[in-house]
Structure formats: structure tokens, C-alpha cells
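Working notes, beginning with the structure itself.
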Amino acid sequence: MIAYKYVFCLGMLLLPALVFAQVKPEKLLITNSDIWPPYSFINEQGQPDGLLIDLWAEFGRQNEIEIEFELTNWPKSLDLVRHNQVDVHAGLFVSDVRRQYMDFSSAIQIPLVTRVFVSQELEINSIDELASVRVAVTKGGFTQAYLQQHHPEIKLDLYLNSVESMQAALSGKVSAFILDYPAAMYYMHKYGSPEQFKVVGTLYHEALKVAVPKGDTQLLKYIDSRLAAMPRDVFDRIINKWMIPESRVPTWFVPSMIGGMTALVALFIVTYILLLRRQVHSRTQELEHISKTDSLTGLNNRKKIEELFISELYCYQKYKRPLSVILIDIDNFKQINDSFGHLNGDKVLVELAKLLAFNLRELDNLGRWGGEEFMLVCPETNLVQGKKLAEKLRCIIESHDFKLESQTCTASFGVTQVQLGDGIDDVFRRADSALYASKHKGRNAVSYC
């Protein structure tokens, strides 16, 4: 028993020093897709190119590590990691299946939104209506797994890469496809016309992560620590080159614990991790959901809706597709609280949140902005369409029975469309000015700016 106590104490004494010990690799072989612009692709000169390529090349320069790329089709890039034939997957989404043979880093905070595109000739306006058509997606990709889990009714045509899926759609073999928005716009401009397809929904917003073969925790810790140490302006420069962001880019990687262990201490740590892995994973997911959700209404909170707006703003700045914002404020909410009590006031907030969410497109992003205010981010929506949507919502709220005895509940709306040169504050300021104009009109009105 004494010997065990000695081992434990020795481990605790050595941990602070050993945890920062790092094993620096001399060379990294990195894989990703060969056809995934602007993230990774083979350019016209036959060389690896893209945002992720620049990131890892810079990683190699700063840490004096030789970087070699093996770009291939998407399923093969996963197999290379599965069979330990490469050191790193440059960036991809997490899934339960991939967790079986990969360990993932902290998230790379690169804006990435995946959208549903449908032929303009079809009367389809939502993801729920896709069951009647064939939809092209990349075989083995995250999108395929996501659809099979969340939309099993959709019939999928699987293609080896995004180029083949796009060409199938542009040639009329399929009437719909689902692809990362930047890649879709790139291909439509190159092989066809963006006007051939309309966006009917956003499938998901996700963050890319670095992956290594399962069990290579030392390499993963080293990569996380060195990426976290890279200067912020390096990330800014790379993002500016490929994504044309607004004024700033979020920190790419959350620092994580790094280091190595002697045999005894490593055994202690590994045992501890195995015992708590399930609990940590479950708790992490729970905390992530809580951090992005308004506790009263269940909508996106202000932080999350701002993140979603920034992601949509990147798409607007890159591809000049229309984007509108609607700010919504419940009229005389203080009077409702004073007359019926704060508990009933909360019920009004919850009921109105459900009412808004039920009457929006799947493409739209709704969140609680604060107090009795709500923010609506509407991609692929110009000012005329935004005003029409706001007026529809205004009428629905006005006619709804909020069970406040004889008192009705109404809301005022401020609508604005994102313009060239806009910053985040410019858009929010105009939406707020338009909302103020609606209040000045006497409330229960829609104004635009």
C-alpha cells in the first residue's frame, strides 16, 4: 500500500514538469481532399493549395518541421488516417464513426456553412420537401452521415468528390445537391451559373478540427499547443487571403494540456482518462449547448446569433449573395410585466419565440437578442423580401392569442440589408434605427433602413 502511495505522489510531483515536455516531430505527412476549394485542392500547376494548405505550411515554417501533403479523394483521405498511413488530417468535421479511428483537436474556427441547393425549375422551398428528388452528396463525407441520421427519407446519389456531385447537378442528372457554401459557389461560377440553383435551407454550421490516428495523443497535444502559440496575425493573414473576413477572426484553437509522461505517470493519467472520458465528453457537449442557448426560450443566445451572422457575413463578402437582418421588439413589454406579472411576461417571450420559429424558413437563423428583443438573420434575402417576411410575422403576432385577457400583444420590426463595405456594427446599428422608427410610428409596424 505504501508503494502505491509513493507511486501516486511521485506522479503528482513530476506532473507539473512533465506535462510541458513535448516530442517534436521532424516531418508531418498531412492529408485532405484534392478538390475542396477554398480549403484544400490541387491547383492548375498541380500543387496543393488552399486555406488549410497555407495554415499547415506556416505551421511547418514556424516550428521547423518538414510538411508534406497527400491530397486525394475524400474517402481515401479518411482511410489514410484509419490505417496510420499519414500523420494528420488537415481539417474535417467530427462524427461518432470517425471517433472510432481518429482523435480530434480543438476546433479550427473557420466559418463553414453547408447549404441545400435545388434547381430553380422545381417548386421546392425547404429541406422537408427533398424526399421527392435525388440529392447529390460526396461519398463518405460528413454530410452523408448527417443526412442518414437526421433526414433518412432523402434519397442520396453518392459521388466520389464535390466536383462530380456538382457536375451531376449542373448536367441535370440530379435536381439538388448539398455542399459547403464556398465550394458550391466556386464550382457554379466555374462550371455553370449560380442562377441555376436556389438555396432552400442550411443543413448545419460546423467547425473544422484537426485529426490524428486513434491513440496518437502525444502528436495531437503537440499540434494543439503549437497552433495555440501561433501569432494571431498569422491566422488573420491566411483567413483574409481565402475568406475575406470582416474585421477580425476568432481565435482558431483553444489551448489544451500538452506533454509527455514517464511510464508510471503515463499509466496513471491514461487510467484516469479512461475512467472519465465518457463523463467528460457528455459534460462538454452539454456545456457547449448551454453556452449557445437562451435558457428561457431555447433559441440561440446573443453570442450564438452573432457567430451565425459573422458566418453569413463571410459568405456575403465573398459571393455577394443578399443577406438581411431583422430586429424584433415586443411592444409595451414592461406594461405586460406590470399588469400580468413577470411569470406571464416570460410565458409571452416563450410563446412568441415558438411562434417566430414555426413561421421561418429552415435557412433563417433566429436568436434572442436580449430582454424582449429577437434577432433574425436571413441569408439569400434582399431588403424587399426581408420587409415581406417581417410584415408576415407582424400580422401573425398581432392575431395570435397570448391569453392576456383583453390585451393584445404586438411587435415592432426593423429591417436592413447588408451592403458592400458594411461591418458588423454598421448592420446592427441600421437594424436598430429601423426598429426605433417603427416604435416612433406608434409600434406594431415594420420599418427599414
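Coordinate-derived values only; no laboratory data. In this text, all values refer to a predicted model and were calculated from it rather than measured experimentally. Heads up, the Cβs are rebuilt from the backbone with ideal geometry, glycines too, and the neighbour counts pull from every protein chain shown.
Observations on the model:
- 119, 77 arranged by Cβ crowding within 10 Å, fewest neighbours leading: 119, 77
- Ordered by the count of other Cβ atoms within 10 Å of each Cβ, fewest first, 74, 242 give 242, 74.
- Among the listed pairs 190/241; 387/439; 334/441; 303/441, a Cα-Cα separation exceeding 21 Å is found for 303/441.
- Kirkwood-Stokes translational diffusion coefficient of the stretch 134-238, alpha-carbon pairs, 10 °C, 1.306 mPa s, µm²/s: 98 µm²/s
- Taking 20 Å as the straight-line reach from the Cα of residue 76, the lysines in range (excluding those fewer than 8 positions away in the same chain) are 139, 209, 214.
- Taking the average, over residues, of other Cβ atoms within 10 Å as the packing measure, peptides 177-184, 434-441, 305-312, 230-237 rank 177-184, 305-312, 434-441, 230-237 from highest down.
- Sequence-distant residues sharing a close amide H with residue 418 (under 5 Å, placed H): 323, 324, 325
- When the alpha carbon gyration tensor of the stretch 302-448 is reduced to an equivalent ellipsoid, the three semi-axes, largest first, read 27, 14, 13 Å.
- Residues 378, 449 in ascending order of nearby Cβ atoms (within 10 Å, fewest first): 449, 378.
- Extent along the principal axes, Cα only, for the stretch 362-416: 39, 23, 20 Å, with the longest axis given first.
- Reachable aspartates and glutamates, given that their alpha-carbon falls under 15 Å from the alpha-carbon of residue 318 and they are not under 8 places away in the same chain: 180, 246, 380, 422
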